[in-house]
Amino acid sequence: MVAMLSMTMTFAENENAASLNNIEAYDMKVNMKKLAQTLSLTKDQMESVTEIHKTFAAEMMFAAQSKGEERNKMAEKAINKDLAYMNYILSDEQYHKYVMLLNITLLNRGLR
């Protein structure tokens, strides 16, 4: 009985740790000053990009709370919306850099 209880507790801890790690992958916080430098943003672009990114980060965290295929759909929708808004705000060169950075981030976090 004690061994079974220990195994159950260990499994629950591992499941909670995996769930926490999975949620952390959806945390899209970035250093906006470094992003602004990397993309050479103007002041107006910086304000817009900051607001767009706040929305994107919130949508990704909301997706992280969902399960399975619904999570993937919500994340994909958030990514596509973010890219559409960024495409409108950024120049072609800035947008291509942003897409590259976002793709690398998503790949590194196991979301692509």
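The values are calculated or read from the model by the stated rules, or taken from the named source; none is laboratory data. What you see is a predicted model, and the numbers here were worked out from it, not measured in a lab. Note that we place each Cβ from the backbone using ideal geometry, even for glycine, and neighbour counts take in every protein chain shown. In case anyone asks, the SASA skips ligands and DNA or RNA and just uses the protein heavy atoms, side chains included. Shrake-Rupley method; radii C 1.70, N 1.55, O 1.52, S 1.80 Å.
Looking at Thr105, Thr55, Thr50, just one residue is assigned to a helix (DSSP H, G or I) and at pLDDT below 95, and that residue is Thr105. Of the candidates Lys34, Lys43, the single residue that is exposed (fewer than 11 other Cβ atoms within 10 Å of the Cβ), within 18 Å of the chain's Cα centre (by Cα) and modelled with pLDDT of 90 or more is Lys34.
Being among the hydrophobic types (A, V, I, L, M, F, W, C), closer than 21 Å to Asn22 by Cα and open to solvent by 70 Å² or more (accessible area, probe 1.4 Å) is the filter here; which residues of region 72-110 pass it? Listed by number, the residues that qualify are Ile104, Leu107. Sub-9 Å Cβ pairs linking a first residue in region 40-66 that is within 16 Å of Val99 (Cα to Cα) to a second residue that is outside any loop (DSSP other than H, G, I, E, B) and acidic (Asp, Glu), at least 6 apart or interchain, are Ser40/Glu93; Ile52/Asp82; His53/Asp82; Phe56/Asp82, ordered by first then second residue.
Suppose we filter region 58-71 for residues that are open to solvent by 40 Å² or more (accessible area, probe 1.4 Å) and assigned to a helix (DSSP H, G or I); how many remain? Of the residues in region 58-71, 7 are open to solvent by 40 Å² or more (accessible area, probe 1.4 Å) and assigned to a helix (DSSP H, G or I).
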